[in-house]
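J.: Please read through the structure below; I'll follow up with questions.
The values are calculated or read from the model by the stated rules, or taken from the named source; none is laboratory data. Source: prediction; values computed, not measured. Cβ sites come from the backbone with ideal geometry, for glycine too, and all protein chains shown count toward neighbours. To get the accessible areas, we keep the full protein, side chains included, count just its heavy atoms, and leave off ligands, DNA and RNA. Shrake-Rupley method; radii C 1.70, N 1.55, O 1.52, S 1.80 Å.
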Amino acid sequence: NLPTKGTSYRQWVEKLNDLGASELESREFTYWKGIISSYQPLPVDNEYLEIISYKQTKNHTVILDKNLTNSLFNEIHQVYRTEVNDILLSALSLCLVNWLDRSQIVIGLEGHGREELFEAVDINRTIGWFTSLYPIRITLPNEKTTIASLISETKDMLRSIPNKGLGYGILRHSSSSEEVRSILSVPYEDIVFNYLGSFDNSLGKGEDRIIGFASENQGRDIGILNTNLHRISINSVIIDGVLRLIWSYDGERYCKSTIEKLASSYIKELSKLIVHCRDLSFESTEGEEYDIDFL
């Protein structure tokens, strides 16, 4: 027998629109307005006034050691009761503080979008693109920042996001108030970060797995003439037990050396955080100063 029919994509969209029309403006608008108001444009290597396409977008890939990847995914989170994104974004804040002369930055965080917001709604088997994108504000550390405060602040920031960020997109695109839509339409997505998860869990492991990656070139996911609004996109995924981070960047505004330096710094800082969480207990590290290596 076939399982009971779940919620359709159309029904999900209707639920989101109803939510935007009723409760979100009173509950979430002030929150998202505060996040957006902190946005500052990224510095660039070269001034360029035109909008770029994916034809001008370059890629640089870095990988994390397999043993450290295993620790990140399986061994370290009991220390601060963290999730993978807490550690990845803590490392990003350390990476960016070496580059930016400011105390915080607004970036775009991409999520899977399949949040459990409504009763009697089941989208577990619904086919469709549910990705969400919303702004988050990361506080950049200084020389006296402790590991405990860095990770805890990042974790608390992520946990405080209402409705896993879905409300932002609803208000930005579907609010009945033109003022709300206008305020939340600031193009904040200079940097977008996305942790896609572990493909090993989906595909299985080893030679006995039924589904795996094809060896043929898949071609491009996005047409090269499409507009790219992001100056830097960081997509991270675990494949064959290794964390891979693809840094896609605006080839007109940034030099290859700048992105390579940032990507290398990110791996260095992420490795330090993983080793710390793996080797030390919370009690022995609380209050310890974190030695930031500036570029």
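J.: Please compute the modelled spin-label separation between residue 131 and residue 118, points set 7 Å along Cα→Cβ, answer in nm with one decimal.
T.: 2.3 nm
J.: Please work out how much length the chain gains when fully extended from residue 144 to residue 31, using 0.36 nm per residue of separation minus the C-alpha to C-alpha distance, in nm with one decimal.
T.: Numbers: separation 113, 0.36 × 113 = 40.68 nm, distance 2.86 nm.
Length gained between residue 144 and residue 31: 37.8 nm.
J.: Next up: What's the extension gain from residue 255 to residue 2 if we count 0.36 nm per residue and subtract their Cα-Cα distance?
T.: 85.7 nm
J.: Restricted to Cα positions, what overall size does the range 1-119 have along the principal axes? Three whole-Å values, descending.
T.: 53, 43, 35
J.: Moving to a separate point now. Separation between the residue 217 and residue 103 pseudo-spin-labels, each 7 Å from Cα along Cα→Cβ, expressed in nm?
T.: 5.0 nm
J.: Another question, then. For 118, 73, give me the order by solvent-accessible area with a 1.4 Å probe, most accessible first, ignoring ligands, DNA and RNA. Kindly include the intermediate steps, with their values, before the conclusion.
T.: Details: 118 45, 73 70 Å².
Heavy-atom accessible area, descending, gives 73, 118.
J.: Now a separate question. Can you count the Lys pairs in the chain with C-alpha separation below 23 Å, eight or more apart or on different chains?
T.: Lysine pairs, 8 or more places apart or on different chains, close enough: 21.
J.: Another question, then. What list of ³J(HN,Hα) couplings, whole Hz, do you get for the range 83-92 from phi and the Karplus terms 6.51, -1.76, 1.60, once you set θ to phi - 60° and write x for glycine and proline?
T.: With the stated coefficients, the range 83-92 comes to 10, 4, 4, 4, 6, 4, 7, 5, 5, 5 Hz.
J.: I'd like to compare 48-56, 270-278: which one has the highest average count of other Cβ atoms within 10 Å, and what's the full order after that?
T.: Top to bottom by mean Cβ count within 10 Å: 270-278, 48-56.
J.: Something else: Comparing 160, 71, 248, which has the greatest mean-square fluctuation in the GNM of the chain with Cα pairs linked when under 10 Å apart?
T.: Comparing 160, 71, 248 in the GNM, the peak value goes to 160.
J.: A follow-up question, please. Students often check this: by mean Cβ neighbours within 10 Å, which of 219-231, 170-182 ranks highest, and how do the rest follow? If you can, show how the numbers build up before the last one.
T.: Values: 219-231: 11.7, 170-182: 15.2.
The densest-packed peptide leads the list: 170-182, 219-231.
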